[in-house]
Amino acid sequence: MRDLPGQRATAVPAVDRTVAVIEYCAARPGAQFTLSELCRALDISKATAFGLLTALCEHGWLARDATTKTYRIGPGLAVLADALSVPHRTLIDAAQTQLDALATATGIRTVAATLVGDEIVILAVGGQERPLGTALRPGHRLRVVPPIGVVYMAWSGAEERERWLGRGHGVIGPDGIERLRAEVEAVRDRGFQVSLHSSDVRRLAEAMGRGEATPDLIDHIDAAEYVVPDLDPDGKYYPNMVSVPVLDGQERLAMTLTYFDFPAPLVGSEIVRLANRLKRAAAAVRKALADPR
């Protein structure tokens, strides 16, 4: 079975295959898939897939349409969703409200995401997808490999930051590693991250939208082009994203709010203005988490 976004091989291949099927279907809500389509997408044999899909249907995690012989997400997963803690649901609901308001006011797509292990997981999306823009859905994942994940590392401990930087050795040279260290500090100081658009970043975003992001696409991103240590107020930039942290009551990073898929270049002062608006939205999400009603 080939590697897929959000999927890492473990010592239990059967579990890996089960997770792959659920995540693939969950990333495409409302879609239905034939046995052959799932086998091709996940590189699983039909014999293996049939037994797995049958078991998932028996548990209610998938549902099978007897007429079309297709599979879709089943009602059993709703029970698991309801098991989310109240703070977690409150956080996502509050984030969605802010994302929708930001997208309406700015015309820029907005995303809430969190860090799970060494992966960024999208939790909610606001705004309409632009023509030829990037399709992102809740559940999409991307491994945190330098230069991806600067905003998360800015609010992480030193040990975690060094592990993150270590994943870039052999791909990003010493100068790139030091640049990323400086960028982490700069992001922490100013309270937001800016990353720039490039052809490599666009390819990664498009692949992520299709659920096909792979480590080699991240490896091709030039850290010197991706991160912005200093913003010139009058300088012209083409941002790929602007991201701020949402901190919990213990000052730990609970999630990030991000403008994503900018339609046009902006000057530095306009980026700062948008980032400040994003910070206010993050503060509102934090307040909702601290005082759920």
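No value in this document is a laboratory result; all are computed from the given coordinates. Since this is a predicted model, take the numbers as computed values, not measurements. Here the Cβ is made from the backbone with ideal geometry for all residues, glycine too, and neighbour counts use every protein chain on show.
Here are the numbers:
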read-out	value
Nearby lysines by direct alpha-carbon distance to residue 287 (threshold 24 angstrom, same-chain neighbours under 8 apart not counted)	279
Value of D in µm² per second that Stokes-Einstein yields for the range 13-80, Kirkwood Rh from Cα pairs, at 37 °C (0.692 mPa s)	279 µm²/s
Fewest-first sequence of 192, 33, 50 by Cβ atoms within 10 Å of each Cβ	50, 33, 192
Candidate lysines for bridging to residue 69, where Cα separation is under 23 Å - those fewer than 8 sequence places away on the same chain excluded	46
Burial ordering of 59, 197, 140, fewest other beta-carbon atoms within 10 Å first	59, 197, 140
Cα-based shape type of the range 22-127, given that a ≥ b ≥ c are square roots of the gyration tensor eigenvalues and the cut on a/c is 1.5	prolate
